[in-house]
Amino acid sequence: MIESYANSGDFASVEKVLSRVRLENRVITEHSFIVVFRAYGKAHLPEKAVDLFHRMVDEFHCKRSVKSFNSVLNVIINEGLYHRGLEFYDYVVNSNMNMNISPNGLSFNLVIKALCKLRFVDRAIEVFRGMPEKKCLPDGYTYCTLMDGLCKEERIDEAVLLLDEMQSEGCSPSPVTYNVLIDGLCKKGDLTRVTKLVDNMFLKGCVPNEVTYNTLIHGLCLKGKLDKAVSLLERMVSSKCIPNDVTYS
């Protein structure tokens, strides 16, 4: 019933069922709460998710784990409330509330995303470097988020070094990873390094997608290399990659 009401956005009925659960001393699992958190996220009600997270133990005797914590943190950060997300993280993980919740890889990824969005890239790097101490290894998303943050701060060299580190740590870059770096280098006008990066991409068996081609075409147009841009468009079509509005614009 809780899941059905939550998925249809009927939060008044969700509260009625939860009240009955509390009155009749019944037990519901953490999974049901996570479903409600996600529904609050879709409805853009992050504070409702935070409130329910705090009620889980006292009112419903449901043990919270890193899963429900991440679910609420994700709702807050996806709403663009980055300061609030970091505040919630500190309250749960670093305060003396004895919640006994240890962050995992997803928790760190969300914190790094929030810090990068706030342009606190050096703090994001500190969190990134501290992950192994917490027995959490960065994944492709972690590297990509940090690279994007560095590129937006025009710290391209550091972002490219992260690509090398990522590969030496056995973490395979995806087209999204390359796209972030290609975009940063194109905006800087460094087409020589862009070419090397694309060669590296093919070497690693990573197939360029429409975003890759669009970014490259845009970079060539900015430098006035229109013939090369048109020839890249032809290559894009021959690679069975369909141009879109962005490509033609």
Derived scalar couplings ³J(HN,Hα) [segment 143-159; Karplus, 6.51 cos²θ - 1.76 cosθ + 1.60; whole Hz; x for Gly, Pro]: 4, 5, 4, 5, 4, 4, x, 5, 4, 5, 8, 6, 9, 5, 4, 5, 5
Cα centroid separation - segment 40-95 against segment 202-231, whole Å: 41 Å
Relative contact order (percent, whole number), the chain, Cα cutoff 8 Å, 6+ residue spacing: 10 percent
Whole-Hz couplings from phi, Karplus 6.51/-1.76/1.60, listed for segment 236-242; x for Gly and Pro: 4, 5, 5, 8, 6, 9, 7
Potential lengthening between VAL176 and GLU234 on full extension [0.36 nm per residue; Cα-Cα distance subtracted]: 18.7 nm
Of LYS63/LYS117; LYS135/LYS188; LYS16/LYS67; LYS135/LYS196; LYS42/LYS188; LYS188/LYS240, those spanning more than 27 Å from alpha-carbon to alpha-carbon: LYS63/LYS117; LYS135/LYS188; LYS135/LYS196; LYS42/LYS188; LYS188/LYS240
Mean shadow area of segment 1-102, taken as a quarter of the surface of its Cα convex hull (nm²): 5.9 nm²
Within-11-Å neighbourhood charge of LEU222 [Cβ basis; K, R +1; D, E -1]: +4
Low-density loop positions, trypsin sites (Lys or Arg not before Pro), segment 144-201 - DSSP coil, at most 14 other Cβ in 10 Å: none
At most 11 other Cβ within 10 Å, DSSP loop - trypsin sites (Lys or Arg not before Pro), segment 112-145: LYS135
Sites CYS221 and ASP164 - FRET efficiency at Förster radius 22 Å, r taken between beta-carbons, to 0.05: 0.15
Theoretical FRET efficiency, 1/(1+(r/R0)^6), r = Cβ-Cβ of ASN94 and ARG26, R0 41 Å, to 0.05: 0.80
Environment charge of VAL246, counting only residues whose C-beta is closer than 15 Å and scoring Lys/Arg +1, Asp/Glu -1: -3
Listed values (1) 1, 6, 12, 14, 13, 12, 11, 10, 8, 6, 4, 2, 1, 0, 0; (2) 1, 6, 13, 17, 18, 16, 12, 8, 5, 3, 1, 0; (3) 1, 5, 10, 13, 13, 12, 9, 7, 5, 5, 5, 5, 4, 2, 1, 1, 0, 0, entry calculated as P(r) over Cα pairs in 5 Å bins from 0, in percent: (1)
Trypsin sites (Lys or Arg not before Pro) within segment 1-84: DSSP coil, no more than 14 neighbouring Cβ in 10 Å: ARG26, LYS63
Net length gained if the chain between LYS16 and ASP58 were fully extended (0.36 nm per residue, minus Cα distance): 13.4 nm
Charge-dipole axis of the chain as Lys and Arg at +1 and Asp and Glu at -1 on Cβ define it, positive-most pick from TYR213, ILE28, ASN179: ILE28
Segment 20-61 shape via C-alpha gyration tensor axes, a/c threshold 1.5: prolate
Average Cα contact separation per residue, segment 1-102, under 8 Å, 6 or more apart, as relative contact order %: 23 percent
Sites PHE202 and ASP122, calculated FRET efficiency, Cβ-Cβ separation with R0 30 Å, nearest 0.05: 0.35
Within the chain: Cβ-based charge dipole about Cα centre, in debye rounded to nearest 20 (Lys, Arg +1; Asp, Glu -1): 220 debye
Segment THR192-LYS135, length gained on full extension (0.36 nm per residue, minus Cα span): 16.7 nm
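No value in this document is a laboratory result; all are computed from the given coordinates. Keep in mind that this is a model prediction, so the values were computed, not measured. Neighbour counts are summed over all protein chains in view; Cβ atoms, including those assigned to glycine, are modelled from backbone coordinates with ideal geometry.
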